[in-house]
Every structure is written in structure tokens, then in C-alpha cells.
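Structure first, commentary second.
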There are 2 protein chains.
Amino acid sequence: MRVNYKKELEEAARNMILVHKPHTLIRMILRSIVRKVKVEHAGILLYEKSRDSYIVTITRGKVGTKIPPGLVRLDARSPIIRFFTQKECGSLLDDGALILDDLNAALKNMESLAGREDHEKLLLATKFQMKSFDTVVAVPSFYHDDLLGVLTMGEKVNKKPFKREEIDFFVALANDVAMALRNAFLFEGLQMEIERNKKLFLETTKALSAAIDAKDHYTRGHTMRVTDYSLAIAKTMHDESDEKPAAKFYEDLYVASLLHDIGKIGIPESILNKNGSLTDEERKKINEHAIIGAMILEPIRDLDGVIMGVKYHHEHYDGKGYPEGLSGDRIPFIAAIISVADSYDAMISDRPYRRAMTREQAILELERCSGSQFNPQIVKAAVSLYRKGQL
Amino acid sequence: MRVNYKKELEEAARNMILVHKPHTLIRMILRSIVRKVKVEHAGILLYEKSRDSYIVTITRGKVGTKIPPGLVRLDARSPIIRFFTQKECGSLLDDGALILDDLNAALKNMESLAGREDHEKLLLATKFQMKSFDTVVAVPSFYHDDLLGVLTMGEKVNKKPFKREEIDFFVALANDVAMALRNAFLFEGLQMEIERNKKLFLETTKALSAAIDAKDHYTRGHTMRVTDYSLAIAKTMHDESDEKPAAKFYEDLYVASLLHDIGKIGIPESILNKNGSLTDEERKKINEHAIIGAMILEPIRDLDGVIMGVKYHHEHYDGKGYPEGLSGDRIPFIAAIISVADSYDAMISDRPYRRAMTREQAILELERCSGSQFNPQIVKAAVSLYRKGQL
């Protein structure tokens, strides 16, 4: 049966476009070479930036004939690599492919090599390197001037020489490999940029919230603890439920927990750090921190969920909290979680006017206020975490 | 001359892979159809999400015969669109292509339509719609079950019917278009995510810095003004130089300017807001804000450049500043710019112990301290901005 190279190529190109992991495509390409052109083995040397070397990454073909992946590592000064990267050798390529028979012929043609000892040395070394890999055709994958990889093919199973259309097929596939690698690098780069930016946002928020937290003498470390408790409670609730929240929910909860007291930046230190009980006026002033926090973040469109958490983390389940007196399920879930985490940490921390409760006492207090101050489901999750020794 | 469809396809596929703007590829594909297959005109209806419609976006061919781009808008209920999205019509497709002649034949074959009035109506409406566009072949571009677009072809210039390989060529290209669109959407999505995250980081930093700024009664708005001045000075310097800094420099300068006084969060309000002159002890305490600011941001790896700006924005060009007494070019450039912007804004703002200077006076003061407190090049840029009425 004649191989329909056109169809093969179309398929390869089409598959490649959505393959972000180029290794999947390269595996397909090598399998297709081995099966359709019936070669003993085919493999690829892929450039690895971190080691500045070309590694035999994927091979296909009969065990025993093919090179085991990972074993062979060629640095940029290896003969085969230099052969492809030196302009001088270009004339020896057959439409982009290096064919062992052509190399042998050139070496026999002493005239063409006269006085070019270095060149002859390179050709000889390349020949030996090809032989050591049982390779009779090698095709480079270039992107502009960068050699990204080299396709290596063993002999045909029927030992006949390769036909023109088979060589063309290899060259086209080597180009496809270059494009797929380049495409995957682009995707990878964009995805790394996304991660980098997200990390930058989260770390900066954390650093600034920790700095603000450090101002309030009596709550030092409070922000990070509330963040840990909130996330643990949310995770427990979702582990026990069928609904899985989006990653966005956890990210919002993380940021809202970090920033829940950001509004305290608008409250005078003299009130925040007062040694002794507060007047009604001072208490009212402190309660404004929820609204002030929401106002600070209000211009940031992507923080809608976070703002809900900051603004309503002092609402009570029975409607007796502040700033709006929301009750029950009208309190945003994110705020109801922070409320429990925040109160729990407050109870187990020393205050100027009282000693810290034990964790057991604080859990009993959460249970006592379940349904009045706190959402019962969230208290249940906190209690279950405590019983497992995780709160 | 016979068209080498294999080569055409390879080229199209290869070009597509790195084309993030699918319109460029589609334009190439349509041009190639018009030139190689010699059709009167070819065009594409592309799905536009915001309008939930298919728009004739790009057309190629003789003026007068081709549909002007943008003029035609088909909603999802249009006959041609319904034809491709209804399973029932699938049997009328020739390897994925809708050919006007086949449609006419089906309509003449009354038997096959017996009792299927709705179906007959749709076929008739599709036929009229194709005729109104002078279209004799239409090929859908699907990605999974989503119809992303429809390629439309006019008659061949020689009026002969299309050959099998020509129809195959159209179908292959329509698939390529689908993949290119899908690929471009992926890239676009990733790029939007990057923008979104970067904006979130910058806006959150800005909001938190503004909140911290608002604490310090005498500097309200100072942070945003310093940020504006720093960026304006940097821009002027670079406009006058051949070296263009990376976007990263401006981003670092923006963030460092926003956060240059972040360390003040560690200084007691009683000192920051003191009415009257400071003791040496208090002055020393305030000077710590540069180091404290750097410490707050230290854990964030990507803020290296920013931290330099925060830490050294009180160094003097002659080495008499703090915290380290660096001099000349050993002071990071980013910090030297903030130093000038910061001092300029301080001079033109009221303080509890003195009235604001005029801008003219402040500029004279910058010039007086050029080479001692300030980097002369930066002062020069500030003066030039002031003379243009931009500072």
C-alpha cells in the first residue's frame, strides 16, 4: 500500500496546533515514521536549555535497535550538532537532510576536501557519530537560526535506500517539529507569565497585610492565622459536600482573609492599641474598619468577591452584626467563614483586658453562638477540624 | 499549471502555527483560494460572540463580485447557519462541503422530501441565501460542535464545476481555519489573563499604598504625585537618550514610587504626625522607614528592582544620605529618580512647621542641590519638564 504522505502531513500539522505538550506530537510523528516508512527506528535529539545540550528524548522502533531515551546527551560541540550549525556543511545536505551515503561519498571524494583538514575531521566525526547511533538519515529542526532538535532515522526494514518522497516527508516533519516546539514554548512562556503575575499579586498582598497587621500590637500574626483557619474550614466543608468550588473561590477567600482588617489602617492607633476598655464612641470608630476596608478595595474590579468578605466579616447570622445587619444566607459565604476564623483566633489570643481562652473553650463558645452569631454549618466544620486536631 | 495542493496545505498549516492573529491566516487562505483555484470570489463568515452572529469578515476576489466585508451579518437562526448545525442536513454535505448543485438536485428530488415540509423550507431558504451571496460552495469550520465560521466560494472564473481535489482543498482549509481560530482564542485568553493579573497587582498595590498614605495627615496624595513625577522624569530622560528601557523598568518605577514610603507603617503615628520639629531620636526613627519598607517587600522575589527604589530613595548623590551612604552611580537609578520626585513634592506641599514653596522655588532648590543631594542628570530632566509646564 502506498503511503498517503499528503494526508499524513495534514493530520500531523492539524494535531500539532492544539498540542501544547510537544512531546505528544513528536511521539506521534516518530511512530508514524516507523510505521509508514517502515524504518528500523526513529528518534529525536531535543535541545535542553538548562543543560545546553541535545538529549535523545523520544525514540520509536524495535527494542534493541533503538537508542534508549535519556541515555545520550550531546553538547553543542558534538560533531552532528556542529555539522548542522556550520554553514560550510550546508552543501552536503539533501534538501535539508543529512544522508549517511552522501557523507561517505564526500569523504571518498578527496579532491573536494583538499586542504580542508578541519572540515574533513568534522565529516569523519559526524560519520562515526551517526554510525554509533545506527542512524542513516538525520534531519535538523530549525526555528530561524536556532537548532531546536534533530530527527534521526535508522535503516529501512527492507534495507533499500530511501526514496525522494520519503526524505521530503522527513524534512516536512522536522519543520513541523520545530514549529510545534516553538508553539509550545510560546504557550509555556505565557503560562509562566500568568503564574508569575498571580504569585506577585498574592505575595505583595500578603507582605502588605502582614506589615499592617504588625502595627496592631495585640493582633500580631492574627492575619496569617485567620487566613489559615478560613482556608482549612472551607476545605473541610467542601470535602464533605458534592459541590466543588472553583479555584477562584479559594483565591478570593485567601485574599479576603489577608485583607479583612485592612480598614484598621483608617482607625487611629491610640484607639487600636488602647490599654483598657473602649468607650462607645471608640467602639463605633473601630467598627468602621469593615466599611473602610471595602472602600479601599472598591476601585478594583476583580476583587468583587474579596470586598464582600472584607465588608461583611462582622455580620451575625441572626442579623445583629454590622455594618448592615444582614442575616442568614444573605451574608456572603466568604464573609461568614472569615467571621468564624476571626472570632476563633481572637478568643485564643491574649488581649490587654483578658487572658486567652483555651482552644477547647473557644470551640465551646463557637458552638454556643452557632445560629446566633455564627452560621451553624461553618461552626460544624470548625468543630470537626478541631476534633481532628487541625484547628 | 497544475496546483500543488500538498505544498499549499503544508505552507498554510505551517504559517498558521505562529500566527496569533487568525485574520492574517484567513486572508492568506482566501487569497490562495482565489488565485490557485481561480474562483470569482471567496469569503468567510466568522462567528462573533459579542453579537452572537456570523459576520462576513474577510473577502477576496474581483470588486463588484465579492461581498463587501462587514456588510452581511447572519444570526444563528439564518438558513445557512442552521443548515450546518442541524444533523438532518448532514447527508447533503459532500465530504463536509455544501455544493449549490447538490442542493438543487435534492430540491428537485421530491420523493426524498415527501412529508418533510420544514426540511424542504430550510433547503429552499439556504439555496436563496447562497444565491444572494453568489456562493456555489460553502464549507463550515467546526471546532468540536462549535461552528466557528463558514468559507464561501463563488463560481470558478472558467464557469466549470469544481473538481474533487478542489473541494477537498476547501474542506482541508476550512479545518485549518477552525484550528487557527481556536489556537488564536487560546493565545488571546492567556494574554488577557496576563493583563488581568498584572492589572490586579498594580491596582491592589495602588489601593493599599493610597490607604497607607491617607494615614499620614501631612502627605495625603503624596504617593500618587511622586509616582506621576517619577514616571514623567524617567520618560523625559529616555526620550532624550538613545537607550530605551524595558517596560519592566517603568513597571518597577511605578510600583517603587507607590511603595517608597511603605515603611512608615512601622513608625508610630505620634511621630509621623507630630506638630512641631522632631528630636534627633524621632528623626532617626523616621529615617528607618526606608529599611523597614525594604524588609516588608524582601520576601517577594520579583520585586528586586522595586526594593532598590524603596530602600535607597533617601541616599544623596554626594554620599551623605541614608541608610547606607551610597554615592554617585552606586545609588540605584530607580531610587535616584524617586529621590528627586519625592523631594520636589515635599517642597511644594505645606508642612506643619512651614508653608509650601512655589514650584519655581522648588526647582531652584533642586538645581542648588544638583550634584550634592541629587543626581545632576535627573535634576536636568526635572527642570526641563518644569520649563515645559509639565511638573
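The values are calculated or read from the model by the stated rules, or taken from the named source; none is laboratory data. Keep in mind that what you see is a predicted model, and the values were worked out from it rather than measured. So basically every Cβ, Gly included, is an ideal-geometry build from the backbone, and we count neighbours across all protein chains shown.
Would you check which residues across the range B:122-133 are part of a helix (DSSP H, G or I) and at pLDDT below 90 and list them?
Across the range B:122-133, the qualifying residue is only B:Ser132.
Could we say that B:Ser270 is surrounded by fewer than 16 Cβ atoms within 10 Å (Cβ to Cβ), within 9 Å of chain A (Cβ to nearest Cβ), among the hydroxyl-bearing types (Ser, Thr, Tyr) and out of contact with any strand residue (DSSP E or B) (no Cβ under 8 Å at 6 or more places or on another chain) here?
yes
Name the residues in the range A:225-248 that are within 14 Å of chain B (Cβ to nearest Cβ) and hydrophobic (A, V, I, L, M, F, W, C), would you?
Correct list: A:Ala247 only.
Please enumerate the residues belonging to the range B:254-307 that are in contact (Cβ under 8 Å) with a residue 40 or more places away in the chain and not in a helix (DSSP H, G or I).
Across the range B:254-307, the qualifying residues are B:His260, B:Asp261, B:Asn273, B:Lys274, B:Asn275, B:Gly276, B:Ser277.
Conditions (1) among the hydroxyl-bearing types (Ser, Thr, Tyr); (2) modelled with pLDDT of 90 or more; (3) farther than 30 Å from A:Glu193 by Cβ; (4) assigned by TED's automatic domain parsing to the domain that holds B:Ile58, marked per residue:
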{"site": "B:Ala106", "(1), (2), (3), (4)": "no, no, yes, yes"}
{"site": "B:Glu117", "(1), (2), (3), (4)": "no, no, yes, yes"}
{"site": "B:Thr135", "(1), (2), (3), (4)": "yes, yes, yes, yes"}
{"site": "B:Leu151", "(1), (2), (3), (4)": "no, yes, yes, yes"}
{"site": "B:Glu155", "(1), (2), (3), (4)": "no, yes, yes, yes"}
{"site": "B:Phe169", "(1), (2), (3), (4)": "no, no, yes, yes"}
{"site": "B:Lys198", "(1), (2), (3), (4)": "no, yes, no, no"}
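Exactly one condition in (1) assigned to a loop (DSSP other than H, G, I, E, B); (2) under 13 Å from B:Leu258 (Cα atoms) is false for B:Val310; which is it?
Going through the list (1) assigned to a loop (DSSP other than H, G, I, E, B); (2) under 13 Å from B:Leu258 (Cα atoms), B:Val310 breaks only (1).
Looking at (1) in contact (Cβ under 8 Å) with a residue 60 or more places away in the chain; (2) more than 13 Å from chain B (Cβ to nearest Cβ), can you tell me which one A:Val137 breaks?
The number of the failed condition is (1).
Do we find a residue being under 29 Å from the mean Cα position of the chain (by Cα), part of a strand (DSSP E or B) and small (Gly, Ala, Ser) anywhere in the range A:69-76?
The answer is no; no qualifying residue exists.
Given the structure, is B:Thr204 within 14 Å of another protein chain (Cβ to nearest Cβ), part of a helix (DSSP H, G or I), surrounded by 21 or more Cβ atoms within 10 Å (Cβ to Cβ) and not small (Gly, Ala, Ser)? Steps first, please.
On the way: within 14 Å of another protein chain (Cβ to nearest Cβ): yes; part of a helix (DSSP H, G or I): yes; surrounded by 21 or more Cβ atoms within 10 Å (Cβ to Cβ): yes; not small (Gly, Ala, Ser): yes.
The answer is yes for B:Thr204.
For the range B:365-378, does any single residue satisfy the condition of being within 18 Å of B:Phe333 (Cα to Cα) and under 34 Å from the mean Cα position of the chain (by Cα)?
yes
Kindly list the number of the only condition in (1) part of a loop (DSSP other than H, G, I, E, B); (2) buried (at least 20 other Cβ atoms within 10 Å of the Cβ); (3) not β-branched (Val, Ile, Thr) that fails for A:Pro161.
Going through the list (1) part of a loop (DSSP other than H, G, I, E, B); (2) buried (at least 20 other Cβ atoms within 10 Å of the Cβ); (3) not β-branched (Val, Ile, Thr), A:Pro161 breaks only (2).
Report the residue count in the range A:207-224 for those that are facing chain B (nearest Cβ under 7 Å) and touching a residue at least 24 places away in the same chain (Cβ under 8 Å).
2
Go through the range B:147-196 and report how many residues are under 18 Å from B:Val34 (Cα atoms), among the aliphatic types (A, V, I, L, M) and facing chain A (nearest Cβ under 10 Å).
Number of matching residues: 1.
Give just the number: which of (1) without any contact (Cβ under 8 Å) to a residue 40 or more places away in the chain; (2) farther than 30 Å from A:Pro22 by Cβ; (3) of a type in the set (Val, Ile, Thr); (4) in contact with a Leu (Cβ under 6 Å, 6 or more places away or on another chain) does A:Thr204 not satisfy?
Here A:Thr204 clears every test but (4).
If you scan the range B:338-356, which residues turn out to be out of contact with any Gly (no Cβ under 8 Å at 6 or more places or on another chain), under 16 Å from B:Leu385 (Cα atoms) and touching a residue at least 60 places away in the same chain (Cβ under 8 Å)?
Within the range B:338-356, B:Val340, B:Ala341, B:Asp342, B:Tyr344, B:Asp345 meet the criteria.
Among the helices (runs of 4 or more DSSP H) confined wholly to the range B:313-391, which include 1 or more residues that are touching a Phe, Trp or Tyr at 6+ places or on another chain (Cβ under 8 Å) and surrounded by fewer than 17 Cβ atoms within 10 Å (Cβ to Cβ)?
On the way: elements: B:333-347, B:359-368, B:376-387.
Counting at least 1 such residues, we get B:359-368, B:376-387.
Just to be sure, is A:Asp252 surrounded by 17 or more Cβ atoms within 10 Å (Cβ to Cβ), farther than 23 Å from B:Val306 by Cα, within 13 Å of chain B (Cβ to nearest Cβ) and at pLDDT 95 or above?
For A:Asp252, the condition - surrounded by 17 or more Cβ atoms within 10 Å (Cβ to Cβ), farther than 23 Å from B:Val306 by Cα, within 13 Å of chain B (Cβ to nearest Cβ) and at pLDDT 95 or above - is met.
Please verify whether A:Ala210 is part of a helix (DSSP H, G or I) and under 21 Å from A:Leu25 (Cα atoms), treating the condition exactly as stated.
So A:Ala210 does not fit the description; no.
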